[in-house]
1. Calculate, for A:Glu22 and B:Arg222, the FRET efficiency according to 1/(1 + (r/R0)^6) with r their C-beta to C-beta distance and R0 35 Å; round to the nearest 0.05.
2. Between segment B:251-267 and segment C:287-303, what is the C-alpha centre distance in whole Å?
3. Based only on the alpha carbon positions, what is the Kirkwood hydrodynamic radius of segment D:63-195, in angstrom?
4. Mind jotting down the three principal axis lengths of segment D:82-138 based on Cα atoms? Whole angstrom, largest first.
5. Between A:Glu131 and the same site in the other copies, what are the distances in nm, shortest first, taking label points 7 Å from Cα along the C-beta direction?
6. When the helix-only estimate is applied to chain C (DSSP H runs of n ≥ 4, each -39,500 (n - 2.57), divided by the residue count), what is the mean residue ellipticity at 222 nm, nearest 500 deg cm²/dmol?
7. So which residues of segment A:63-100 lose at least 30 Å² of accessible area, probe 1.4 Å, when you go from the chain by itself to every protein chain present?
8. Need one value: the accessible area of B:Leu261 in square angstrom, 1.4 angstrom probe, rounded to the nearest 10.
Number of protein chains: 4
Amino acid sequence: MSIQEILDQIHREMLPRRDRGEVATYIPELASIDVSRFGLAVATADGQVYSAGDAGVPFSIQSISKVFTLSLALGKIGNSLWERVGREPSGNAFNSILQLEREFGIPRNPFINAGAIVVTDVILASSSPAEALAELINFIRYAADDANIYINDAVALSEKATGHRNFALAHFLRSFNNLTHEPDLTLGTYFHQCAIEMSCRQLALAGRFLINAPGMPRLISRDQVRRINALMITCGHYDASGDFAYKVGLPGKSGVGGGILVIVPGTAAVAVWSPGLTAQGNSLLGTEAVQSLAQQMDWSVFG
Amino acid sequence: MSIQEILDQIHREMLPRRDRGEVATYIPELASIDVSRFGLAVATADGQVYSAGDAGVPFSIQSISKVFTLSLALGKIGNSLWERVGREPSGNAFNSILQLEREFGIPRNPFINAGAIVVTDVILASSSPAEALAELINFIRYAADDANIYINDAVALSEKATGHRNFALAHFLRSFNNLTHEPDLTLGTYFHQCAIEMSCRQLALAGRFLINAPGMPRLISRDQVRRINALMITCGHYDASGDFAYKVGLPGKSGVGGGILVIVPGTAAVAVWSPGLTAQGNSLLGTEAVQSLAQQMDWSVFG
Amino acid sequence: MSIQEILDQIHREMLPRRDRGEVATYIPELASIDVSRFGLAVATADGQVYSAGDAGVPFSIQSISKVFTLSLALGKIGNSLWERVGREPSGNAFNSILQLEREFGIPRNPFINAGAIVVTDVILASSSPAEALAELINFIRYAADDANIYINDAVALSEKATGHRNFALAHFLRSFNNLTHEPDLTLGTYFHQCAIEMSCRQLALAGRFLINAPGMPRLISRDQVRRINALMITCGHYDASGDFAYKVGLPGKSGVGGGILVIVPGTAAVAVWSPGLTAQGNSLLGTEAVQSLAQQMDWSVFG
Amino acid sequence: MSIQEILDQIHREMLPRRDRGEVATYIPELASIDVSRFGLAVATADGQVYSAGDAGVPFSIQSISKVFTLSLALGKIGNSLWERVGREPSGNAFNSILQLEREFGIPRNPFINAGAIVVTDVILASSSPAEALAELINFIRYAADDANIYINDAVALSEKATGHRNFALAHFLRSFNNLTHEPDLTLGTYFHQCAIEMSCRQLALAGRFLINAPGMPRLISRDQVRRINALMITCGHYDASGDFAYKVGLPGKSGVGGGILVIVPGTAAVAVWSPGLTAQGNSLLGTEAVQSLAQQMDWSVFG
């Protein structure tokens, strides 16, 4: 089968599925998403884009934004970032605070909330939130080669109104001097970055800079691309990262909006969207879809 | 440079190093190892073997044995293994017991001690320890195509005499009904498996079945090879697994004897030995050596 | 009402109760105890003994034995005991191992299992288990002024056969060098001490040495009596100690056999027995009974 | 010796001491306190007040205020308070957040910061912060029979400016719906309550309502007095509560300003002040002073 045929087949198989997990309910904008949505897109190293289902419908990328902010932050301050964030899987939930206490305010990795808040704090540096967000959006638009990517302000406001857990994390980081701005400022930026909306097509295109192949957008060095892929495979699915690596065999980063960005090094970037989540906060059918795709395409980083 | 030249150069660079970490001291047999030992070997998919330094000197493979027992156990009982062991990084030390309490006796993964003890328990099944160990040794000898691989009984006895932490783990597992044999029996087998001795050459050769390339020994299915590689990259270096993936970009499994087995999917198996350890229990110079080798060979699973 | 009338009234109120909690089920000897048993006895500083219900029926004192071994150990090695055991409530279950890992093998207090195992290890010193147990039994017989107190060997053997959690604790302590004997030896003694059987009458009488009043058996110094009472009030009911202090207002020590020993300093020793337990492992009706007794007698250490 | 002579003797012994612990440094107002300050006062049930040293100098009572807010809150909503706060020692530091995560937002007891913030939230109910603080101050003034007790606004502002750990706790509580007001509002009140200043004389007098003796101010029921004393003895010194009960044998509550309020049920209220703290955040010499006082007066709740 061709890629397109495989995508269509996966789409057909997912359409009638009833067991779709639960959509995130902590903000009305996510709670009201139609759980039956399903989109899938693949951008290949040879410049093609394939898609199926709702691949053109924008959704809230949420934590997938952490891949882009990490790329920006590494570009800005390089390895000194690792003085403020670790590189190890956490063994705990994405919004857990207990390990942060035990490890004196150094988040385990940049993909759990605490670590991502520190990364956002780095991006802010001496910029205003508006400037930092503009820089981030421009980074993503350039990567996707698409100017039509925006932040959903209503989502950002809702995140802020209900984000007590993140405020707790930010204040906690600050109490350990691992936040250089006031929690309000960093979190204001963080909530907006999570509220970026993209379609699967846009996200797959935006992920091409992580493929490490000739002709792909070059936004960070080849070494840094490899390292972000390494972090995605060990930490990209919170406390289900090991399971994702085991089943799918590819680096990926999920968001509670139901999206997953998956990289096939040297070959392709994949974006999937199905809003129903597992208990760990990852897209249920999205994971199955990329597992099926990887199997049929024989894509795996493990030989 | 050729592979051989690169190995020689790495060997030369490592020889004068003073900062070698500390050898494991919990048993006399490991404590007395000369910290200046250094071996490196590469077995490639095209059937060549390259080596440098003490690559022919046998050392205690310790936790690297967990890769072989896991392969055996998956062959025996397949995916039902995952009812008794998880697949997630632990976020804790290799011999930690606290997560085991919080997670009701299900070890986080097969590469921390608790998980590996469960895997050994699976291999025992209805065999005697002697039979199970014979099966394991035969598996490894077949993989390495070398009959000259043995267990060091003195090491096994020392492990048993000082293994109170492992006895605690085994009894704890048993209290959760996640150990089918008496702790003494399972641990007796476990201590012997850790006491297997191999040289870097032998270990690199024994690792070829994980390369997933034509002509390599086929001991488990292609899918299972990928999955073991996935577990190695997310969990193979205890609470430094994320760091190893970040720096080296390849699946690997370390042992407190100072050895590391590293897989370059589709390309090669690498074994390194330097007995000095980091605080996390991984070979200090061994990690640096494979990082250097991967960089110079441009080996990475991440593109 | 007189004490005797109050005891009788409490007995009458408890008899028809259906919500009695669950008896301990980890060994057959405890699992087969009739949950409707209820005994209550009070030994007062003026030499009287009052009782109601099954106050003459022997039951397994289990962890209440920890009060007697602690008294013995403090008599033997005094304050140096506190180099090996803490004096703080644990905030965790009685058989938890995780705090032990985090606090490097020093149990939080002598009344959780890990701490009690260390205390037993102290009592063993250079004695044989048989000698140490004889010393303990003699201590208790002298305190109760009753030679008719024995160890139930069948219970001790059952404890040993199912005591994997305690074996885990003992090996863990040993791995931190906080156990001077082999786990088998210390635990053999520990399981026997837990298997001592006493009736409520015997237990109330045996508790008189903790009343600190003239005419009571003097087995340890007045200061040590106070300190053991302090430990009982802060740590005597595992992770429900705060609740017991709040509701009853008196020092007490419970056992999974369903017994509780309660001290009214200067006034009386109380023993209650009702085999049904709360989730925390304390006697459900026993706690209610002593709460009712304390209220009606206006007994409280808090004014 | 008379009480007065004992107080004078303790004062004399403490004066030359060099090992005084460290004053709290997280706000300038506490950091600048003279570590050599020492005050001691006793208010007895027969209406006398004795004092020594700096017993007339006001200091920041900090967490001792939690005793007064708990008394107020129990008066307001009674036992329903315990649906929002536990009654168990925490086994962790006063400002720890990890147990709060594991126990779903229910603080372990009202004397750790998280629990005290919930208590303050209760006191606020539908009052404004100004009204709630006025009620609290009036409660304390009535208890001490002294109108000259005030809040130090500069301390409250400093607490707020540096109180990121408490903000983290409050947001965390809010994320579990265990905070009914905005964190800013509850914490604003909390920081002011901690900034109340009293002398040892005033504090000893204010503590008389917890003595449970005729003629003492009656602010809450006799049962509630006993229960607050129970909470003080099991939880009043954070993770050193067991040690305080063991050494001193009396209910007490400490504050990082270096003060301790100690109750001798039926007999007296004691206040001590020495600003140098132990690692657990309790007054070093203050603890020793009340231990010495209790020993010489033969005061103990344990017979």
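The values are calculated or read from the model by the stated rules, or taken from the named source; none is laboratory data. These numbers were taken from a predicted model, which means no experiment stands behind them. Glycine also receives a Cβ, built like all others from the backbone with ideal geometry; neighbour counts cover every protein chain displayed. Just the protein is used for accessible areas: all its heavy atoms, side chains included, with ligands, DNA and RNA removed. Shrake-Rupley method; radii C 1.70, N 1.55, O 1.52, S 1.80 Å.
1. So the FRET efficiency works out to roughly 0.50.
2. 65
3. 14.7
4. 34, 18, 16
5. Counterpart label points of A:Glu131 in the remaining copies fall at 4.6, 7.4, 8.0 nm.
6. -13500 deg cm²/dmol
7. A:Arg87, A:Glu88, A:Pro89, A:Gly91, A:Ile97, A:Leu98
8. 0
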